[in-house]
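Have a look at the structure below before the remarks.
The values are calculated or read from the model by the stated rules, or taken from the named source; none is laboratory data. This one's a predicted model, so the numbers in the text were calculated from it and none came from an experiment. So basically every Cβ, Gly included, is an ideal-geometry build from the backbone, and we count neighbours across all protein chains shown.
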Amino acid sequence: MMKNKIINRREALERSSWVLKSALFAPTVLSVLQGCTPKEINTRNLLVFTDGQDSLVKIIANTIIPKTHTPGASEVKVNQFLDLLLNDVFEKEFRKQFLNGLKQFDKDCLTKTGKSYTSLSEKERFNYLEALDRQVMGKEYEETVPFYFTFKHLISLIYFSTEEGVKQNLNYLPIPGSYRGNIEYKDGDKIMVGNYM
């Protein structure tokens, strides 16, 4: 039997601040990140993705967030979390659009390069995504958002919501000090974040 946990005012305010941040991200993604009971991901059975789709998601995600001195996207299991989100959080229509977008992504790659994305070398994958990134990212979309735009935002959101993603890539200061508007950044420094990202 579960007992209700009483939270203090600070915790309540901190949790409710996620609601405001949801304007930047898909509301359903954030609601699952803050409000759901932790669920263990079954690593043997995919819920939505086929093995081929899962492989494609891992490879694209690893090209976006590769392993360096920090873990890559598939090492923190962004593909499994995305599979869980598609199954438990997003509506069937979004899931269908996402899977169709994934299929179209691979078809477009085949048309442009003569190979499926999974068959490309690491350098070819990077070059393909770099060109696509220049074409798609940094624009504002009112109605139809390209698949790659959505995919990259979801992968980044999932990656930086993992313990490894935060601890190894960001300097987290839970209680910010005084405001300093001009902080020197040296190559290799981690990005500073506090409670208000």
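Computed values, structure above
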| quantity | calculated |
| --- | --- |
| Residue match in region 160-169 (condition: modelled with pLDDT under 90, in contact with a Leu (Cβ under 7 Å, 6 or more places away or on another chain) and not aliphatic (A, V, I, L, M)) | yes |
| Selection within region 109-125 - in a loop (DSSP other than H, G, I, E, B) and closer than 11 Å to L56 by Cβ | S116 |
| Filter result (closer than 21 Å to F105 by Cα and in a helix (DSSP H, G or I)) within region 64-83 | I64, S74, V78, N79, Q80, F81, L82, D83 |
| Tally, over region 118-138, of residues that are closer than 16 Å to F149 by Cβ, without any contact (Cβ under 8 Å) to a residue 60 or more places away in the chain and of a type outside the set (S, T, Y) | 9 |
| Matching residues in region 50-63 - criterion: being under 16 Å from the mean Cα position of the chain (by Cα) and either charged (D, E, K, R) or part of a loop (DSSP other than H, G, I, E, B) (or both) | D54, K58 |
| L99 being surrounded by fewer than 20 Cβ atoms within 10 Å (Cβ to Cβ) and either of a type in the set (A, V, I, L, M, F, W, C) or part of a helix (DSSP H, G or I) (or both) | yes |
| Scan of region 41-58 for residues that are of a type in the set (V, I, T) and surrounded by fewer than 18 Cβ atoms within 10 Å (Cβ to Cβ), ordered by number | I41, T43, V48, T50 |
| Every residue from region 139-155 that is more than 15 Å from I64 (Cβ to Cβ) and either within 20 Å of the chain's Cα centre (by Cα) or assigned to a helix (DSSP H, G or I) (or both) | K139, E140, Y141, T144, V145 |
| Any pair with Cβ under 8 angstrom, 6 or more apart, that starts in region 89-117 at a residue that is closer than 14 Å to L132 by Cα and ends at one that is surrounded by fewer than 16 Cβ atoms within 10 Å (Cβ to Cβ) and acidic (D, E) | T113/E124 |
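One line per residue, one yes/no per condition, for (1) more than 16 Å from V166 (Cα to Cα); (2) surrounded by 17 or more Cβ atoms within 10 Å (Cβ to Cβ); (3) more than 14 Å from the chain's Cα centre (by Cα):
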position	(1), (2), (3)
I65	no, yes, no
T70	no, no, yes
D83	yes, yes, no
L86	yes, yes, no
V89	yes, yes, yes
D108	yes, no, yes
